Each structure stands twice: as C-alpha cells, then as structure tokens.
Amino acid sequence: MAEEVKLLKTWSSPFGLRAFWILKLKGVQFDFIDEDLSNKSPLLLQSNPVYKKVPVLIHNGKPISESLVILEYVDETWKQNPLLPEDPYERARARFWAKFGEDKVLVSIWNAFIKQGKEQEEAIGLAIETLKFLEEELKGKRFFGGEKIGLADLALGWLANLIGVFEEVIGVKLIEKERFPLLSAWMQEFAEAPVIKESWPPHEKLVTKFRAIREPYVAAAAQPK
Amino acid sequence: MAKSDVKVLGFSPSPFVMRARIALKIKSVEYEFLEENLGSKSELLLKSNPVHKKIPVLIHNDKPVCESLIIVEYVDEAWSSSGPSILPSDPYDRAVARFWAAYVDEKWFSALRDIGSANGAEAKKAAIEQLIEVLVLLEDAFVKCSKGKPFFGGNQIGFLDIAFGSYLGWLRVTEKINEVKLLDEVKTPGLLKWAERFCADAAVKDVMPETDKLAKLRASAPPSS
C-alpha cells in the first residue's frame with residue numbers, strides 16, 4: 001500500500017518537533033512542510049479547522065491534530081520501537097507526566113519567561129516548584145520512559161533546548177545543575193540522543209525569535225502605571 | 001476481584017469523578033467510593049496524588065491513577081477483557097475521540113466557566129453565545145463520530161461520550177440559572193437527543209447528580225476538583 005505521511009509544522013515549534021521526533025524514531029517515511037503562521041496554507045486551514053494550528057499529521061489524506069494525540073496515533077499505527085509500555089499502569093503514568101508537562105511545566109516556564117519584576121520572581125519560584133516534581137520522577141531512571149525514550153520524554157523534550165534559549169533571553173538560570181542534577185542530566189542525554197540531536201532548530205535563530213516575542217511584555221511593564 | 005482492591009477518591013458532584021465511575025460501571029468493576037471533603041483532604045488523597053492533590057484518584061491494588069481521562073483509558077486497558085471497549089478500536093477513530101475530548105476539557109470547560117464568572121448582562125450574553133458556538137462545533141463532531149448511531153462511540157457509550165457527557169449536569173444547571181436553552185432542536189438537534197440517551201444510560205444514571213442538587217451547590221463555577 002502506498003503510504004502517504006505528511007507533517008505540517010514550523011521551523012521552531014516545540015509541538016511540531018514532538019511529531020517529527022516520533023516519526024523519525026520509528027523510521028516512518030514522511031514529508032514535512034514548515035508553515036509560515038502569518039500566512040497559513042490552505043492545507044493547514046482545511047486540515048485543522050478547529051484550531052488552525054501546527055502540528056498536523058496527515059496520514060493517507062486523514063488529518064490528526066494536537067501533538068500529544070499525534071504521538072499516541074503514531075505509536076498505535078506504527079508498532080516498531082514503541083513509545084508507550086504494555087502495562088496499563090505504566091501507560092497511565094507516562095500519560096500523567098506528559099499531561100503534567102503540558103498543563104504545569106510549560107505554563108509555569110512560559111510565565112517565568114514573559115512576566116516582569118515582582119511577578120517574574122513569583123513565576124520563577126512557581127516554575128522551580130513545578131520542576132522539582134520532574135526531578136523527583138527521574139530518580140533511578142535514565143529517561144522518564146525508563147531505560148529508553150518514552151511518551152513523557154517526547155512531551156517534555158522541548159526543555160532540553162528551549163530552557164537554554166529562555167535563560168539566555170531573560171538572563172536568569174531556571175534549571176541549575178546543583179538544584180536539578182537529574183533533570184540537567186536528562187536534558188543533556190535527551191538532547192544528544194540519536195535522531196533527536198539532528199533535529200534541533202538553530203539556537204541563535206531561536207534566541208532572536210523569543211527575544212522578539214518577549215519585547216511587548218517588557219515594553220508593557222515599562223509603561224508608567 | 002474484591003471490592004477493596006479498587007477505590008475511587010472523589011466528590012459526587014464533580015464531572016471528572018463521574019468519568020471514572022462511568023468507566024468502571026461499563027466494565028462492571030466493583031469499587032469502594034470514598035467521598036472526599038475538599039475543604040479537608042484525606043491523608044490517602046494527599047499521598048495518592050501528591051502532585052495535584054485533586055480528585056478523582058483511582059487506586060487499583062494500592063497503585064494510584066490520576067487525571068480523569070487518563071483514568072478512563074486505564075480502566076479500558078486494565079479490564080480490557082470485561083465489557084465493551086471504551087476507546088474505539090481503530091487508531092484514527094481513537095485520535096478523533098482524544099482530539100475532541102481535549103477540546104471539551106479546554107474550550108468547552110473555559111466557555112462554561114466564563115458564563116459563571118461573567119459580570120453584567122452584556123458579558124453574560126456574550127459568554128453564552130460563545131458557549132453555543134462551541135456546542136455547534138460539538139454537534140458537528142457528534143454527527144461525524146456517531147455516523148448515525150446513538151452515541152459518539154457508536155452503539156454504546158465511549159470515550160468521548162464520557163468526556164463530554166459528564167458535564168451535562170452542569171450544563172443543565174447553567175441553563176436553569178441563566179434561563180436559557182443551550183442545547184436546542186435547531187442548532188444542536190443531535191446533541192439534544194444524545195444528552196437524553198446519555199443521562200438515561202445504565203452506566204450513567206446512578207452517578208449523574210441531580211440538577212437541583214448541583215444548582216444548590218453552585219456558588220460560582222463548577223468544581224474543578
């Protein structure tokens with residue numbers, strides 16, 4: 001059967017990277033299109049009418065949206081190199097940490113990134129509290145998935161490169177090695193893993209992009225109240 | 001399996017707790033229900049869900065599973081040989097069900113909450129219109145997923161029925177308090193009939209809280225557990 005797999009993403013989106021990673025890790029043949037979000041393609045608008053966002057995976061013409069949904073779909077459709085374990089309890093744990101990453105880690109880090117002054121101090125404090133849970137979860141494990149990369153690793157993998165970018169832009173270290181030895185080690189191991197290491201968007205380009213994203217927040221905070 | 005091997009820590013009015021209970025009912029799993037006092041959380045809850053300290057928690061053979069939709073998937077997998085499947089069998093249908101369940105928890109939930117927190121008649125009207133737009137999208141999803149059958153899951157209640165149906169008590173409270181019809185014959189005829197069927201289903205009717213009881217409880221937004 002002629003399989004057609006297409007991934008709509010952007011050059012920088014960490015969500016798109018998740019889908020990219022799993023397809024590569026499973027050795028799936030696919031094409032990808034880096035969208036310009038200021039000028040979304042008809043294909044994107046048609047494939048994800050609800051959110052109009054990337055990533056979208058299109059498999060034999062059928063679109064799947066939402067990166068975590070895509071991860072599970074790919075894992076179920078291409079059975080080699082499984083991302084999720086067999087045991088239902090372990091699967092529930094993997095999904096829990098993936099969701100925690102999305103609902104708590106991502107949000108708290110983003111707030112630490114965009115907020116200013118006192119609010120930023122509080123946001124950084126909250127982010128560190130959130131990250132402590134990840135540090136705890138890594139005890140005795142090489143990856144969140146155990147011995148090898150699993151669902152939670154791909155869901156949290158954006159930390160491995162974007163934390164460095166955010167830290168550079170805001171001039172504050174969020175993940176210090178002394179405080180987060182396991183998380184730091186995981187970030188390095190994940191960043192250098194086969195397939196993953198070839199996928200990272202250029203660091204300087206990301207710094208420029210996120211600095212520009214942060215600008216309006218800095219400007220707003222500088223306004224006299 | 002002995003009843004005490006399976007416990008649910010919950011709070012009866014919570015739609016999230018309902019999800020876990022419906023799933024267990026579908027699989028004919030006997031369990032002990034421990035009603036939590038959210039103002040004074042039990043030791044067991046704090047120990048079982050140290051990250052979020054929220055309900056529902058499913059405890060199976062002393063192992064805790066947290067997050068309502070993750071619990072539903074766990075129940076489906078752990079008791080896979082008992083009763084009908086909760087998730088569809090086809091990976092694409094599963095992806096569609098997960099996509100819409102995530103949409104419900106994000107867009108539907110925040111639209112519902114916005115009605116509760118809206119200040120003044122204008123804001124309330126706008127919030128209600130926003131919610132109806134969400135319902136129209138879900139009506140479309142219902143038509144596509146059900147393919148002429150009674151539920152999103154087909155002939156039987158499935159994952160997306162549980163994800164969305166668990167909010168019906170709160171939907172009815174919102175209708176009552178705001179004196180408005182959210183589900184109607186013109187915009188959402190499919191969902192209107194589906195709602196009746198869902199609430200009357202054997203797996204649901206004993207755990208769906210009565211509208212009047214919920215209305216009394218309702219000070220502001222529905223409980224986020």
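The values are calculated or read from the model by the stated rules, or taken from the named source; none is laboratory data. Computed from a prediction, not measured in an experiment: that's the story for all the values here. Counting neighbours? That spans all protein chains shown, and the Cβs are built from the backbone with ideal geometry, glycine included.
Against the numbered list (1) more than 13 Å from every other protein chain (Cβ to nearest Cβ); (2) assigned to a loop (DSSP other than H, G, I, E, B); (3) in contact (Cβ under 8 Å) with a residue 60 or more places away in the chain, residue B:21 comes up short only at (2).
Pairs meeting the criteria (first residue in segment B:106-124 and free of Cβ contacts under 8 Å to residues at least 24 places away in the same chain, second residue surrounded by 13 or more Cβ atoms within 10 Å (Cβ to Cβ), beta carbons under 6 Å, at least 6 apart or on different chains) are B:111/B:130; B:111/B:131; B:111/B:134; B:114/B:127; B:118/B:124; B:118/B:127.
Please work out if residue B:182 is touching a helix residue (DSSP H, G or I) at 6+ places or on another chain (Cβ under 6 Å) and within 26 Å of residue B:124 (Cα to Cα). Walk me through how you get there before you give the answer.
Numbers: touching a helix residue (DSSP H, G or I) at 6+ places or on another chain (Cβ under 6 Å): yes; within 26 Å of residue B:124 (Cα to Cα): yes.
So residue B:182 passes the test.
For segment B:130-150, the set of residues classified as farther than 14 Å from residue B:100 by Cβ, more than 17 Å from the chain's Cα centre (by Cα) and not small (Gly, Ala, Ser) consists of B:130, B:132, B:133, B:147, B:149, B:150, listed by residue number. Of all residues in segment A:37-83, those satisfying the criterion of being more than 10 Å from chain B (Cβ to nearest Cβ) and assigned to a strand (DSSP E or B) are A:56, A:58.
Looking only at segment A:95-125, count every residue that is within 14 Å of another protein chain (Cβ to nearest Cβ) and over 16 Å from the mean Cα position of the chain (by Cα) and tell me the total.
Quick first cut of segment A:95-125, residues within 14 Å of another protein chain (Cβ to nearest Cβ) only: A:95-108.
Of the ones still in play, those that are also over 16 Å from the mean Cα position of the chain (by Cα) are none.
Total satisfying the criteria: 0.
Scanning segment B:34-75 for residues that are assigned to a helix (DSSP H, G or I) and closer than 11 Å to residue B:10 by Cβ, we see that the one that is nearest to the other protein chains (Cβ to nearest Cβ) is B:71.
Of all residues in segment B:26-55, those that are on the phi > 0 side of the Ramachandran plot and modelled with pLDDT of 95 or more have Cβ atoms under 9 Å from Cβ atoms of residues that are among the small types (Gly, Ala, Ser) and assigned to a loop (DSSP other than H, G, I, E, B), 6 or more apart or on another chain, in B:28/B:82; B:28/B:83.
So, in segment B:92-129, of the ones that are away from chain A (no Cβ under 14 Å), charged (D, E, K, R) and more than 17 Å from the chain's Cα centre (by Cα), which residue ends up farthest from residue B:188 (Cα to Cα)? Among those that are away from chain A (no Cβ under 14 Å), charged (D, E, K, R) and more than 17 Å from the chain's Cα centre (by Cα), it is B:122. The set of residues in segment B:76-86 that are surrounded by fewer than 20 Cβ atoms within 10 Å (Cβ to Cβ) and more than 9 Å from chain A (Cβ to nearest Cβ) comprises B:81, B:82, B:83, B:84, B:85.
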